[in-house]
Structure formats: C-alpha cells, structure tokens
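**Q** Input: one structure, supplied below.
The values are calculated or read from the model by the stated rules, or taken from the named source; none is laboratory data. The shown structure was predicted, so the numbers you read here are calculated from the model rather than taken from an experiment. Please note: Cβ atoms are built from the backbone with ideal geometry, for glycine as well, and neighbour counts cover all protein chains shown.
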Amino acid sequence: MLHNMGDDHPESPSRISAIMTQLEQSGLLRELEVYRAEPATEEHLARVHTATYLEQLHVMVPKQGRVYVDPDTALMPHTLRAAYLSAGAAAQAVDLVLSGKHQTAFCATRPPGHHAERSKAMGFSFFNNVAVGVRHAMQHHGIQRVAVVDFDVHQGNGTVDIFQDEPNVMICSSFQHPFYPYSHYFIQKPNVINSPLEADTSGLQYRCIVERDWLKPLQEHKPELIFISAGFDGHKDDPMADLNLVEADYRWVTEMVMSVAKEHAQGRVISCLEGGYNLKALACSVEAHLEAMMGK
C-alpha cells in the first residue's frame, strides 16, 4: 500500500483497497483464509532475473521522490519492498498449494509482474511474480509441467521473455492488438499460444477465441499446476483499453481453467493480480474470479 507512483497513476494502492472492500461487503472474505505476503528471497528472484538487473534496481531506489524506469513506471522509497512482497506472495502460494493446505490461491498484491522481463522493468512491473512462482514450483517442489494463463488486456511479454524456450511451461495469452507492449506477440513457439483480440471484441467473441486457441493445447500439455496472470483491464469500463468484457466473462475463463486443472493438476491453480484500473469493475471482477476458483 506504500508503493505509490503518483496521485494520478492508475496502478494505485486503492486497487487493493477496492478489492478487499468488495470481498468484505459481499461476505466472500469470510470464506477465505487470508495470509500476509512474505517477501521473496534472493534465490527466488535469481531464478527469474539476471544478477545485474537485480543490482541495478537496488541502486536506483531513491531515498525520496521518484525515479522513472520508463514513462509509466516509477521507483519510490517503498517500491522495492512492495515488489519483494508481491513476488514472494507467488512463491508462498506455491508452498501453500503444493503442501496440500489449499487447492487454490489468489495473490492480491501489487506491483503487478507480467511485463517484467528477465533484465528489464516496464509496464508498472519490476519482478515477474508469476515467473517466480513457476520457477519455485519446478525447482523447489519438482513440478514437471506448468501452464500460465494470462488474460490481461496487455500481452505478458515478460513471462514470454522468460519461458519462451522452456517447453515444460505453456503460456496462453489473450490481449488487445495492436496494443502495448508491442513486443513478443509475434513469437511462434509450441509452448506460446498468443490470442490477439481486436478493439471492441465482445465477451462472446472472446470466449470463442479463447476456447478455440487454448483448450486443446492445455489439455495436451497436461499441466500439474496452473498459474493465472489475472488482469481485469479488458473490462468494458476500464479506462486503459477497448475490450468489452464483463464479470461473467472473467468467471467463464476462470471456470475453463479450473476444468483443466481438475482434470490434470488436482485442481491446483494459483492466480496473481495483474491489471485492472476501474476500481468498481476490478473489485467485482476479482469477486467473480474468486468464486469460480472456489467452485461457487
């Protein structure tokens, strides 16, 4: 909550407040077990990012004010602590799920992560949270096959950058196109399934495209664990993009992921918050997402 890139910046602390308020008012929070995030270790981060990049981030953190790594992404005194917690939550969720304590987990953390490449911060992201979780599951817990489903309105270039040459990690990504980040969407690898969406894509069109592109490859991959990069900025009310998704569409795509997880991954799904900048749409979409993960 202390990581703040400016009063007018869309990736704000109020995103977490809005989600927690919605879950409390709806009563869903009473059905969830809530954990405080634990910071990532240097080992967690070194599995995903280069040593030089990690050193550069530490050097860049200002004692006061803000330092911009790109026009939209700023470091301030509390940023790195927040980034360590956000990445650590993904690893913590892996431990909770793979120990059998929980079947599913949602990391309601920020900053988001899916734009963070191996050696580059961008798009509000510093550490690639989902990638930290994937590597922790594979290298610490011995999971062999993982899938990452990314339904943020922006393509998860960082996740593709990190895993494009690892066939044991399948990435399914839907995104508005042409659109930020204007990279990695062209990569054609057996383990990278890109589903570009035109502006004004409807919920029905979205469902048809996702089911056509993702379902068979996911089933053939037989993931033992599924991660979701859960961006809700494709909502029709979101100011950052031009898709026409609603809460029911996020519930649908989550239910589709859960069906694959139940068939191949013992129902194990870990979701990490990415985008979503209309606070009401974000909060209601997260509620629908969690209900689907809970089988409600």
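**Q** Determine whether GLY123 is free of Cβ contacts under 8 Å to residues at least 60 places away in the same chain, within 15 Å of the chain's Cα centre (by Cα) and on the phi > 0 side of the Ramachandran plot.
**A** Values: free of Cβ contacts under 8 Å to residues at least 60 places away in the same chain: yes; within 15 Å of the chain's Cα centre (by Cα): yes; on the phi > 0 side of the Ramachandran plot: yes.
Here the answer is yes, as GLY123 does meet what is asked.
**Q** Sticking with this structure for a sec: So ARG135 ticks every box in (1) among the charged types (D, E, K, R); (2) in a loop (DSSP other than H, G, I, E, B); (3) closer than 27 Å to LEU75 by Cβ but one. Which box is left unticked?
**A** Among (1) among the charged types (D, E, K, R); (2) in a loop (DSSP other than H, G, I, E, B); (3) closer than 27 Å to LEU75 by Cβ, ARG135 violates only (2).
**Q** A further question on this structure: Please go through the range 139-197 and pick out each residue that is in contact with a strand residue (DSSP E or B) (Cβ under 8 Å, 6 or more places away or on another chain), among the acidic types (Asp, Glu) and part of a loop (DSSP other than H, G, I, E, B).
**A** Once the filter is applied, which keeps residues that are in contact with a strand residue (DSSP E or B) (Cβ under 8 Å, 6 or more places away or on another chain), among the acidic types (Asp, Glu) and part of a loop (DSSP other than H, G, I, E, B), the range 139-197 yields ASP152, ASP165.
**Q** Could you count how many residues in the range 260-296 are in a loop (DSSP other than H, G, I, E, B) and under 27 Å from ASP8 (Cβ atoms)? First the steps, then the outcome.
**A** To start, the set of residues in the range 260-296 that are in a loop (DSSP other than H, G, I, E, B) comprises 265-268, 274-278, 295-296.
Narrowing further to those that are under 27 Å from ASP8 (Cβ atoms): 274-278.
Residues flagged as in a loop (DSSP other than H, G, I, E, B) and under 27 Å from ASP8 (Cβ atoms) within the range 260-296 amount to 5.
**Q** Just to verify a result, which residue in the range 1-19, among those that are hydrophobic (A, V, I, L, M, F, W, C), part of a loop (DSSP other than H, G, I, E, B) and surrounded by fewer than 19 Cβ atoms within 10 Å (Cβ to Cβ), is farthest from the chain's Cα centre (by Cα)?
**A** Keep residues of the range 1-19 that are hydrophobic (A, V, I, L, M, F, W, C), which gives 1-2, 5, 16, 18-19.
Still in the running and part of a loop (DSSP other than H, G, I, E, B): 1-2, 5.
If we keep only those that are surrounded by fewer than 19 Cβ atoms within 10 Å (Cβ to Cβ) too, we end up with 1-2.
Numbers: MET1: 18, LEU2: 20 Å.
Among those that are hydrophobic (A, V, I, L, M, F, W, C), part of a loop (DSSP other than H, G, I, E, B) and surrounded by fewer than 19 Cβ atoms within 10 Å (Cβ to Cβ), it is LEU2.
**Q** Determine which member of the set LEU80, LEU54 is over 18 Å from GLY133 (Cβ atoms), surrounded by 13 or more Cβ atoms within 10 Å (Cβ to Cβ), touching a Leu at 6+ places or on another chain (Cβ under 8 Å) and not charged (D, E, K, R). Working first, answer last.
**A** Numbers: LEU54 fails: over 18 Å from GLY133 (Cβ atoms).
Of LEU80, LEU54, the one residue that is over 18 Å from GLY133 (Cβ atoms), surrounded by 13 or more Cβ atoms within 10 Å (Cβ to Cβ), touching a Leu at 6+ places or on another chain (Cβ under 8 Å) and not charged (D, E, K, R) is LEU80.
**Q** Evaluate the following for VAL260: is it touching a strand residue (DSSP E or B) at 6+ places or on another chain (Cβ under 6 Å) and over 17 Å from MET20 (Cα atoms)?
**A** Numbers: touching a strand residue (DSSP E or B) at 6+ places or on another chain (Cβ under 6 Å): no; over 17 Å from MET20 (Cα atoms): yes.
No: the conditions fail for VAL260.
Listed here are the residues, each with its yes/no results for (1) out of contact with any Gly (no Cβ under 9 Å at 6 or more places or on another chain); (2) within 30 Å of ASP8 (Cβ to Cβ); (3) among the basic types (Lys, Arg).
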{"position": "PRO62", "(1), (2), (3)": "yes, yes, no"}
{"position": "MET76", "(1), (2), (3)": "no, yes, no"}
{"position": "THR79", "(1), (2), (3)": "yes, yes, no"}
{"position": "LEU96", "(1), (2), (3)": "yes, no, no"}
{"position": "ASN129", "(1), (2), (3)": "no, yes, no"}
{"position": "THR159", "(1), (2), (3)": "no, yes, no"}
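**Q** Return the pair list, or none, for Cβ contacts closer than 6 Å from residues in the range 273-289 that are among the charged types (D, E, K, R) to residues that are assigned to a loop (DSSP other than H, G, I, E, B) and modelled with pLDDT of 95 or more, at least 6 apart or on different chains.
**A** Pairs that qualify, where the first residue is among the charged types (D, E, K, R) and the partner is assigned to a loop (DSSP other than H, G, I, E, B) and modelled with pLDDT of 95 or more, are GLU274/PRO112; GLU274/HIS114; GLU274/ASP152; GLU274/GLY231.
**Q** Report the residue count in the range 225-276 for those that are surrounded by fewer than 22 Cβ atoms within 10 Å (Cβ to Cβ), of a type in the set (A, V, I, L, M) and either within 16 Å of GLN155 (Cβ to Cβ) or at pLDDT below 95 (or both).
**A** Count: 1.
Condition check ((1) crowded, with 19+ Cβ neighbours inside 10 Å; (2) of a type in the set (Phe, Trp, Tyr); (3) in contact with a Leu (Cβ under 6 Å, 6 or more places away or on another chain)) across all residues:
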| site | (1), (2), (3) |
| --- | --- |
| HIS102 | no, no, yes |
| ARG110 | yes, no, no |
| ALA116 | yes, no, no |
| ASP200 | no, no, no |
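**Q** For residues in the range 133-153 being touching a Pro at 6+ places or on another chain (Cβ under 6 Å) and surrounded by 24 or more Cβ atoms within 10 Å (Cβ to Cβ), which is nearest to GLU247 (Cα to Cα)?
**A** ALA147
**Q** If you don't mind, there's one more thing I want to ask. Which one of these is out of contact with any Lys or Arg (no Cβ under 7 Å at 6 or more places or on another chain) and over 19 Å from ALA292 (Cα atoms): PHE227, PHE232, PHE175?
**A** Working: PHE227 fails: over 19 Å from ALA292 (Cα atoms); PHE232 fails: over 19 Å from ALA292 (Cα atoms).
Criteria check complete, one pass: PHE175.
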